[in-house]
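Just below is one structure, and these are the notes that go with it.
The values are calculated or read from the model by the stated rules, or taken from the named source; none is laboratory data. Computed from a prediction, not measured in an experiment: that's the story for all the values here. Neighbour counts are summed over all protein chains in view; Cβ atoms, including those assigned to glycine, are modelled from backbone coordinates with ideal geometry. Each accessible area value is taken on the protein alone, full model and side chains, heavy atoms only, with ligands, DNA and RNA left out. Shrake-Rupley method; radii C 1.70, N 1.55, O 1.52, S 1.80 Å.
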Amino acid sequence: MRVLVKGAGVAGLTAAFELAARGAAVTVAEIGCGLGGASWFAGGMLAPWCERESAEQPVLDLGRGAADWWDAALPGQVTRAGTLVVATPRDAGELDRFASRTSGHCWIDEEEIARLEPDLAGRFRRGLFFPGEAHLDPRQAMAALHEKLAAMGVDFRFATDARQLSGFERQIDCIGMAAGNERLRGVRGEMLILRTPEISLSRPVRLLHPRFPLYVVPRSDHRFMAGATMIESDDCGPVAVRSMMELLSAACALHPAFGEAGIIETGAGIRPAFADNLPRVEARGNGVAINGLYRHGFLLAPAMARLAAALVFDHAKFEELAHATDRQRRSA
């Protein structure tokens, strides 16, 4: 079966992998000149239990297997060190609230925080540790997956409008906001990449705050990704001054040495989201659309890709879903 995947973000790459693994002849068409989109600005946290704090149960259910999927597809790319959640003493109530909305964690004291992250010793009295969570570097993972897919025979067409290509039995649409789906809204996420040799972290650390929570994800070469805002906007312009000030202030609250860090990159990505912030796999014409991954791209893309690939190969189920989607569209 010849399948066209539109879009080379995390949704498109994971879908291409699932299709190619099932024996499809896959072509990936990307309108841009390389890998990217909102995926380029992701944190790369595979943290389904933490995300349950503000997300619905399906995010936890669908995301539980994400670390295993990435580990199997790209051995060595996933760091399984868990997630640490802390708060300053004045915001201690935020920890209780976070704990009440999540599972898969254990309470830890100041001594245990220092054992997990020595550079945070003495800074926080208690915290939550989520041992089953993991993280990866999104850019390294996307590059490695692209290389692996090419070795599997997947044909990549960059700087190509997918409408110029034909001869495919199925298509999978993974182009996010560019799909023009009127049910989608854009949610802007802004991030900074900081560099300092003064701090070492082994895992993502979330600093809770009632107004501006922060996460810091360690990368290689003394770099840290700090994010991320959630602004109801489809403006893809530069990071706003207010957002940068808030991110930097929160980073310094986590550790004052971030005040001397170099800002080596800023960026903003527009995450597509449906009204309920849950993703969809929908049959459309002779294809399938994966969309609405919201802030959970790397966490939920594997599950969505598996579902889309299963639909592509299950002709009876595909036709059933396509007819149901058609009926819903006509009645809307």
Answer label, with Rg/Rh (Cα atoms, Kirkwood Rh) calculated from the coordinates and candidates (1) 1.04; (2) 0.96; (3) 0.99
(3)
Helix 315-331: angle to the longest alpha-carbon principal axis of the chain, degrees 0 to 90, nearest 10?
80
By per-residue mean of other Cβ atoms within 10 Å, what is the highest-first order of 297-304, 193-200?
297-304, 193-200
If you keep only loop residues by DSSP, which chymotrypsin sites (Phe, Trp or Tyr not before Pro) in the range 73-140 have at most 11 other Cβ atoms within 10 Å of their Cβ?
none
Top to bottom by accessible area (1.4 Å), largest first, where do H135, H105, H222 land?
H222, H105, H135
Suppose a student asked you for the relative contact order of the chain, using Cα pairs under 8 Å spaced at least 6 residues apart; what percent would you report?
24
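What ranking, highest mean first, results for peptides 87-94, 286-293 when packing means the other Cβ atoms within 10 Å averaged over each residue?
Per-residue mean Cβ counts within 10 Å order the peptides as 286-293, 87-94.
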Roughly how many Å² is the accessible area per residue of the range 132-183, as a whole number, for a 1.4 Å probe?
51
Suppose every K and R has +1 on its Cβ and every D and E has -1 on its Cβ; what is the size of the dipole of the chain about the Cα centre, in Debye to the nearest 20?
520
Give me the percent of accessible area attributable to carbon and sulfur for the chain, probe 1.4 angstrom.
50
By how many degrees, between 0 and 90 and to the nearest 10, does the Cα long axis of helix 241-254 differ from the longest principal axis of the chain?
50
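Order the peptides 27-40, 1-14, 207-220 from the highest to the lowest mean number of other Cβ atoms within 10 Å of their residues.
Packing proxy ranking, top to bottom: 1-14, 27-40, 207-220.
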Each label point is 7 Å from the Cα along the Cα-to-Cβ direction; what then is the distance between the points at A275 and E260, in nm?
5.3
With everything on Cα atoms, drop me the angle between helix 138-151 and the longest principal axis of the chain, reported from 0 to 90° to the nearest 10.
30
Tell me the relative contact order for the range 81-237 as a rounded percent, counting alpha carbon contacts under 8 Å between residues six or more apart.
28
